[in-house]
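Chemist: To start, I am sharing the structure in question, which I have written as structure tokens.
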Amino acid sequence: VEIYSLHVDCKVTSRFAHTVITSRIVNRANESREATFEVELPKTAFITNFSMSIDGQVYPGIIKEKAAAQDKYDSAVSQGQSAGLVKITDRKLEQFHVSVSIAAASKVTFELTYEELLKRQLGKYELLIKVRPKQLVKHFQIDVHIFEPQGIHFLETDSTFMTNELTEALTKEQNETKAHILFKPTLDQQKKNSELDETLLNGDFVVRYDVKREATAGDIQIVNGYFVHYFAPQEMPVFPKNVIFVIDRSGSMTGRKIEQTRDALLKILQDLRQEDHFSFITFNHKVVEWKSSLLPATEENVASAAALVQALTARGGTHISGALLAAVGVLEKAEGLPERSVSMIILLTDGQPTSGERNVEVIQENVQKAINGKYALFCLGFGFDVSYKFLEKMALSNGGIARRIYENADAALQLQGFYQEVATPILMQIEMQYPENSIEGLTKNNFKLFFEGSEIIVSGKISNELDLLPVEIKAQSHTSNLTLKEEANVKEKEQVFQNQKYIFGNFIERLWAYLNIQQLLEKVISAQEEDQKALEAQALDLSLRYSFVTPLTSMVVTKPQQQEELANKPTESG
């Protein structure tokens, strides 16, 4: 079975990426064989389309409500047919895998489409394409087209498998607002060496870029009555942080995990700013406060904390509840902190609560009551023995985020990377305001914190014939209260995208739906039970209307002989 053509076609229009992967396979054997199509795609993406055509007959994937699809599927499974098509494979990726039996000399074409909104982190957007054909491919091509009306500030490509020969197959063209990246290696360039038919193409192909920004109230783009507003202020003074690290040193952290935690914390201590205040709480079945108050991040205090970190050992149980409540207590009674500063708690744990209060719902409730909206709680779950759902709900209920730390060689780097993302808060209490009577379906427009290098995105539908769309942003910076105003000329903005040949026409509407679904699913996590159903119903409606495979929908893939398989979206919390 030979893959004779593999084409990855990716169009990024104003951060919204639309990727189509087409694989053409021929069975050169003289009997029927299995042809397999395997794609690894970013977890943040939603599959929107899949089809396979065998000798001219097309078998499309149909997106349905998960429950309905599951019933149909369960009956197929009981008749001995096959298993689900998507699974999480990596911290950033999930894998779509389908195989089909094709007759001798037959051909099959697989086509998968997925979409995602690229998220700005540490000053750049990253488009990740996983390349793993497992064989030499006669016609192999990756095509990336980027159009950013704000202008491209910088653009780089990176790959884990490049050789000098392969570099020759890579071309980049770029002007003010557009870029085209083409990677088209010949059969010879793909080979590990001239004798063996083994491929070099195995790993990540990454495009990173950022856009130009004027020092205003962000950038507004409008297509077919939908708008998107990007806001990422630069060069603002950084808020001093008051940060408490709450570190699990229970028995299960023994060995590599505690070593990697030590390595990461030593680096993070070096990154504290002089105006920051900090403290440590370590816990197993006992909760130990390093100091009873927050200390300024002087050289002396940092050195003394480093000595504590160096001596961290792991044994005993896991008293998560006591440790978090102690952290809140230290912040509550802190004195002499800078007047305008940001207080946060960073919890790192690898397990379930086994000491003190063990009921996760009670812990969530107590922590939320204690924090009472005053501090941000970030939860890092180390490995797969944690209840990620519990950590995620706690973080999202308290103005923070949760992140899983994978038990790999680079776990210390993952921890540091996370800290860098939250190390420079530059705005608080951000309100993005639009004319109420002219906008429908507005996505989230209030944000607690804005960190340098990230981006705020708000989208909505302009409901009546507006000529000008006025926006107003209110926020607190370290030095003052800001009000930024901007007016977008709707007709002029619509013009920007009119004659661009590679834009999929309703991309802002799809971006709006994507963002809405992501935010509704996030709200479900921390919502009261009685509100969850309504939020899920909204997200399901959008998923079906815009045909996205989300945790609420399934794609039913039909094969020859009426076989059916299901593609479901896996989630981090299982």
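Chemist: Taking amide H atoms as placed 1.01 Å from N in the peptide plane, list the residues 5 or more away in sequence, or in a different chain, whose amide H sits under 5 Å from that of Asn49.
Modeler: Thr113
Chemist: OK, next. When the accessible area of the chain is computed with all protein chains present and a 1.4 Å probe, what percentage of it is carbon and sulfur?
Modeler: Answer for the chain is 46 percent, counting heavy atoms of protein chains only.
Chemist: 222 nm [θ] for the chain, helices only, -39500 (n - 2.57) per DSSP H run of 4+, per residue, to 500? Display every interim value, and only then the final one.
Modeler: Working: 12 runs with 140 residues, N = 574.
About -7500 deg cm²/dmol.
Chemist: Tell me the label-point distance for the pair Glu494, Tyr4, using the 7 Å Cα-to-Cβ offset, in nm and rounded to one decimal.
Modeler: Computed distance between label sites Glu494 and Tyr4 equals 4.7 nm.
Chemist: Tell me, what is the per residue accessible area of the stretch 176-320 in Å², probe radius 1.4 Å? Provide the component values of the computation, followed by the final result.
Modeler: Values: 6230 Å² over 145 residues.
Using a 1.4 Å probe on heavy atoms only, each residue of the stretch 176-320 averages 43 Å².
Chemist: Could you report the stretch 435-574's accessible area per residue, 1.4 Å probe, as an integer in Å²? The partial results should precede the final answer.
Modeler: Working: 7000 Å² over 140 residues.
Dividing the accessible area of the stretch 435-574 by its residue count gives 50 Å².
Chemist: How tilted is helix 320-332 with respect to the longest principal axis of the chain? Cα atoms for both, answer in degrees (0 to 90, nearest 10).
Modeler: Compared with the principal axis, the helix lies near 50 degrees.
Chemist: Just read off the accessible area of Val223 with the full protein assembly in place, 1.4 Å probe, to the nearest 10 Å².
Modeler: Roll a 1.4 Å probe over it and Val223 shows about 10 Å².
Chemist: Quick one: how many Å² of Leu415 are accessible to a 1.4 Å probe, rounded to 10?
Modeler: About 10 Å², rounded to the nearest 10.
Chemist: Next up: Heavy atoms only, probe 1.4 angstrom, no DNA, RNA or ligands counted: give me Leu347, Leu466 ranked by accessible area, highest first.
Modeler: Leu466, Leu347
Chemist: May I pose another question? Rounded, prolate or oblate, given the Cα gyration tensor of the stretch 241-423, with a/c below 1.5 counting as rounded? Present the calculation step by step, with values, prior to reporting the outcome.
Modeler: Working: a/c = 1.43, a/b = 1.10, b/c = 1.30.
Rounded shape, in that the Cα axes give a/c under 1.5.
Chemist: How tilted is helix 66-78 with respect to the longest principal axis of the chain? Cα atoms for both, answer in degrees (0 to 90, nearest 10).
Modeler: Helix 66-78 and the main axis of the chain meet at about 60 degrees.
Chemist: Subtract the Cα-Cα distance of Ser438 and Lys92 from 0.36 nm times their separation in residues, and report this length gain in nm to one decimal. Walk me through the numbers on the way to the answer.
Modeler: On the way: separation 346, 0.36 × 346 = 124.56 nm, distance 3.80 nm.
That pair, Ser438 and Lys92, stretches by 120.8 nm at full extension.
Chemist: Each label point is 7 Å from the Cα along the Cα-to-Cβ direction; what then is the distance between the points at Arg208 and Thr160, in nm?
Modeler: Distance between label points: 1.5 nm.
Chemist: Work out how much length Thr571 to Leu308 would gain on full extension: take 0.36 nm times their residue separation and subtract the Cα-Cα distance, in nm to one decimal. Intermediate values should be presented prior to the final figure.
Modeler: Working: separation 263, 0.36 × 263 = 94.68 nm, distance 3.64 nm.
Here the segment from Thr571 to Leu308 would lengthen by 91.0 nm.
Chemist: Quick one: if the Förster radius is 25 Å, what FRET efficiency do Ser293 and Arg340 give, using the C-beta to C-beta distance and rounding to 0.05?
Modeler: Working: r = 20 Å, r/R0 = 0.79.
Step by step, r from the Cβ atoms, then E = 0.80.
Chemist: Mind ranking 242-250, 171-179 by how tightly packed they are, going by the mean number of other C-beta atoms within 10 angstrom, highest first?
Modeler: Working: 242-250: 24.4, 171-179: 13.3.
Most protected by this proxy first, the peptides run 242-250, 171-179.
Chemist: Given a 1.4 angstrom probe, what's the average accessible area per residue across the stretch 368-410, in square angstrom?
Modeler: Values: 1700 Å² over 43 residues.
With all protein chains present, the stretch 368-410 gives 40 Å² per residue.
Chemist: How do Trp290, Trp512 stack up against each other in accessible area, from largest to smallest, with a 1.4 angstrom probe?
Modeler: Details: Trp290 45, Trp512 20 Å².
Solvent-accessible surface, decreasing: Trp290, Trp512.
Chemist: Suppose the chain between Gln519 and Asn481 were pulled fully straight at 0.36 nm per residue; how much longer would it get relative to their current alpha carbon spacing?
Modeler: On the way: separation 38, 0.36 × 38 = 13.68 nm, distance 2.72 nm.
Working it through step by step, the gained length comes to 11.0 nm.
Chemist: Then there's this: How far is helix 529-545 tilted, in degrees, relative to the longest principal axis of the Cα atoms in the chain, given as a value from 0 to 90 rounded to the nearest 10?
Modeler: It is inclined by approximately 30 degrees.
The values are calculated or read from the model by the stated rules, or taken from the named source; none is laboratory data. The model shown is predicted, which means the values in this text are computed figures rather than measured ones. Quick reminder, even Gly has a Cβ in these numbers, built from the backbone with ideal geometry, and neighbours come from all protein chains shown. The protein model used for the area step is the full one, side chains on, heavy atoms only, and it has no ligands, DNA or RNA in it. Shrake-Rupley method; radii C 1.70, N 1.55, O 1.52, S 1.80 Å.
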